[in-house]
Amino acid sequence: MPVPHAPSRRRARRSGRRNAPARRGRPARASAARNGSPAPAARLQLALSDHAHVERLARRFRALGDPTRSKLVYALSMGELCVSDLAGALGASLSATSHQLRILRDLDIVRVRRSGKSQLYALNEDAFGFCSPRSCMAWKTAFDPGVERSV
């Protein structure tokens with residue numbers, strides 16, 4: 001049975017470090033090692049390697065890039081509404097409004113629930129995270145004429 005290769009004693013004496021492990025690269029940050037969480041760079045690399053999550057995020061932002069869908073999201077941030085109310089507020093047809101709502105619903109930006117014969121749409125705040133229309137100043141300044149805009 002072959003014996004695993006061990007470093008020779010002569011090599012260990014020359015380096016002055018007999019049984020010390022080899023150090024490569026920079027050591028991990030002490031705070032990350034203490035609490036067991038990965039270093040910030042490792043966390044970032046892990047997050048960016050999740051291609052499905054990054055693609056979903058990109059699709060959501062593309063959807064919000066359309067002015068009509070942004071108006072729908074902003075209107076729904078004020079409360080639950082049905083398609084006819086949204087279409088009337090936008091000045092669009094029921095068909096066009098339903099089409100835009102379907103896109104938002106497929107991306108999990110809005111939720112729908114039945115109430116009798118009508119469907120009520122509501123904003124899914126969890127889909128936005130920190131940039132929710134109810135809390136983000138960018139949404140408020142974009143649609144509220146009373147808020148001053150800085151150029």
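Observations on the model:
- Looking at A122, A142, A138, just one residue is of a type in the set (A, V, I, L, M, F, W, C), over 26 Å from H53 (Cα atoms) and at pLDDT below 95, and that residue is A142.
- Residue count for the stretch 103-117, restricted to those that are surrounded by 14 or more Cβ atoms within 10 Å (Cβ to Cβ), closer than 15 Å to S70 by Cα, out of contact with any Lys or Arg (no Cβ under 7 Å at 6 or more places or on another chain) and not β-branched (V, I, T): 1
- Members of the stretch 118-127 found to be small (G, A, S) and either surrounded by fewer than 10 Cβ atoms within 10 Å (Cβ to Cβ) or assigned to a strand (DSSP E or B) (or both), listed by number: S118, A122
- Note on the stretch 71-102: residues that are surrounded by 15 or more Cβ atoms within 10 Å (Cβ to Cβ), without any contact (Cβ under 8 Å) to a residue 24 or more places away in the chain and under 18 Å from D126 (Cα atoms) total 1.
- Scope the stretch 63-74; condition under 16 Å from H99 (Cα atoms) and either touching a strand residue (DSSP E or B) at 6+ places or on another chain (Cβ under 9 Å) or not in a loop (DSSP other than H, G, I, E, B) (or both); matching residues: A63, L64, P67, T68, R69, S70, K71, L72, V73
- Count of the stretch 101-117 residues, restricted to those that are in a helix (DSSP H, G or I), in contact with a helix residue (DSSP H, G or I) (Cβ under 8 Å, 6 or more places away or on another chain) and more than 14 Å from R60 (Cβ to Cβ), is 1.
The values are calculated or read from the model by the stated rules, or taken from the named source; none is laboratory data. On a predicted model such as this, the values are computed, not experimentally measured, just so you know. When we count neighbours, we look across all protein chains shown, and the Cβ atoms used for this are built from the backbone with ideal geometry, even at glycine.
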